[in-house]
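Taking it in order: structure first as structure tokens, then the write-up.
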Amino acid sequence: MKAILALEDGSVFHGKGFGARAMACGEVCFNTSMTGYQEILTDPSYKGQIVSMTYPLIGNYGVNEQDVESWRPHVAGFVIRELSPVVSNWRANCSLADYLEKNGIPGIERIDTRALTKKLRVRGALNGFISTEGTPEAEATARAKAWPGLAGVDYVKEVTHKESFQWDEKDEQSANFILARGPEKPEGSRTRDPLPPADIPIVAYDFGMKYNILRRLRQHGFKVRVVPATTPAAEALRHKPAGIFLSNGPGDPAALGYAVQAAGELVRTGIPIFGICLGHQILGQAFGGRTFKLKFGHRGANQPVKDLESGRVEITSQNHGFAVDPGSLPSEVSVNRINLNDQTVEGMRHKSRPVFCVQYHPEASPGPHDSTPLFAEFRSLIAKR
């Protein structure tokens, strides 16, 4: 199956297709993670994007049913250097190619992903078109140029859950599992870590939330009511939460006026609030600030972030293409974390209200666990009040 990837600047990459026989437009971006392609595919933040992996061999451990981050994959297309011909993992249910085919997503392999990454770093993220249907070069390039892009587009309404629900009421999905070891244990058996009581009720806004965020919240004793992205503040407060969580999600934060309005109203109530990724950008606007599009975004599991309050450096997992403009923030908001690669804002804290947020993913699925204590900080912030 021949495949083509065309960019809006006229660049064309030919390769071998895998996954679905399909075509799609999207913003072409790269991710530097060595593992976690399944979590990347199912992260709703990638809605509208064609993702290229910089690590050269992808697919070697297949896909399983437990590690998905939402109900389906959301990427528009998938680009890799080489698809592993072997799937070797006892948890795998199917191959990467079969998973993409099942979900209607085109993939392309055997292209120079290093050259593609260098182009995106120099030129910035580019609109693209991917096809495994034999689309001619001229048509592919024309489609890439005609795609309007992500700016000003609200993808959140396409990925959020449409109805409110209680997360993991029976405590069957949130506990960490550990492999059982010893001669009396069958190979592949596993047990679950015990969960603490769910004694702090919170409302979590679903702007495109990863499931591992919900797992982490439950592991820290939160009873989580998930609400759709368009939920007004008054309706969220009717659940009588002790705190509010604002999730990650896709697209341009400047297109989410309804979410900014709700966040602003919640900030003014004095209820403790914790936001990550898109939730961080929404809070930035609710504070009175502005957001802007990054040249090629931060996507990977090795982004260095400095905590300006403690001096500590965290290695973080990130996936975002927009950032908060620090010069637009009011004096009552403190920038307390920065990215050490480009000095962009990675964390904010309100000086007089119990509100804080970070631009990265402390649940880290995949990625390092340096930032996991932020969930405990949120619990402590609520407990103090």
May I ask you to list the residues of the stretch 97-128 whose amide nitrogen lies under 15 Å from a point 7 Å from Cα along the Cα→beta-carbon direction of residue 2? 109
First select every other residue whose beta carbon is under 13 angstrom from the beta carbon of residue 240; then total the charges, Lys and Arg +1, Asp and Glu -1. +2
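When all alpha-carbon pairs of the stretch 271-369 are counted, what percent fall beyond 24 Å? Please list the in-between numbers first.
On the way: 656 of 4851 pairs.
For the stretch 271-369, the fraction of Cα-Cα distances above 24 Å is 14 percent.
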Quick calc, residue 65 & residue 268: beta-carbon distance into FRET formula, R0 30 Å, rounding 0.05, result 0.10
Sort 366-372, 66-72, 41-47 by packing, meaning the average of other beta carbons within 10 Å per residue, with the highest value first. 41-47, 366-372, 66-72
Computed E for residue 16/residue 377 - FRET, C-beta separation, R0 51 angstrom, nearest 0.05: 0.65
Placing +1 at every Lys and Arg Cβ and -1 at every Asp and Glu Cβ, with all other atoms neutral, what dipole size does the stretch 155-307 have around its Cα centre, in debye to the nearest 20? 360
Sorted by average packing, counted as other Cβ atoms within 10 angstrom per residue and highest first, what order do 89-97, 22-30, 342-350, 205-213 take? 205-213, 22-30, 342-350, 89-97
Per residue, how much accessible area does the stretch 299-385 have with a 1.4 Å probe, in Å²? 39
If I take the Cα coordinates of the stretch 21-128 and project them onto the principal axes, what are the three extents in Å, biggest first? 41, 24, 24
May I ask for the angle, rounded to the nearest 10°, between helix 373-383 and the longest principal axis of the chain, with both axes built from Cα atoms and the value confined to 0 to 90°? 30
Give, in nm to one decimal, the length gained when the segment between residue 133 and residue 103 is fully stretched (0.36 nm per residue of separation minus the Cα-Cα distance). 9.2 nm
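Just need the Rg to Rh number for the stretch 192-243, please, alpha carbons only, Kirkwood Rh.
Across the stretch 192-243, the Cα-based Rg/Rh ratio is 1.00.
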Over the chain, the sum of -39500 (n - 2.57) across DSSP H runs of at least four, divided by residue number and rounded to 500 deg cm²/dmol, gives at 222 nm -6000 deg cm²/dmol
Could you look at the chain and say what percent of its accessible area is carbon and sulfur, using a 1.4 Å probe and all protein chains? 49
Expressed per residue, the solvent accessible area of the stretch 216-260 in Å² (1.4 Å probe) is about 32
Applying a 10 Å radius around every beta-carbon, put 245-256, 304-315 in order of their mean neighbour count, most first. 245-256, 304-315
Greater than 30 Å separation of Cα atoms is the criterion. Which listed pairs, 118/145; 162/384; 119/351; 240/306; 102/145, meet it? 162/384; 119/351; 240/306
Using Cα positions and a limit of under 18 Å, work out the lysines in reach of residue 2, with same-chain residues fewer than 8 apart set aside. 16
Using the Kirkwood radius over Cα pairs, work out the Stokes-Einstein diffusion coefficient for the chain at 37 °C and 0.692 mPa s, in µm²/s as a whole number. 153
Stokes-Einstein D for the stretch 325-366 at 20 °C, 1.002 mPa s, Kirkwood Rh over Cα pairs, in µm²/s? 191
Take the Cα atoms of the stretch 62-189, find their three principal axes, and give me the spread along each one in whole Å, biggest first. 62, 41, 29
Computed lengthening from residue 35 to residue 312, 0.36 nm per intervening residue step minus Cα-Cα distance: 97.2 nm
Taking every pair of Cα atoms in the stretch 205-291, average 1/r, invert it to obtain the Kirkwood radius, and report Rg/Rh to two decimals. 0.93
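The values are calculated or read from the model by the stated rules, or taken from the named source; none is laboratory data. Nothing here was measured: the structure is a model prediction, and the numbers come from that model. Virtual Cβ from ideal backbone geometry, glycine too; neighbours counted across all protein chains shown. These area figures cover heavy atoms from the full protein model, side chains too; ligands, DNA and RNA do not enter into them. Shrake-Rupley method; radii C 1.70, N 1.55, O 1.52, S 1.80 Å.
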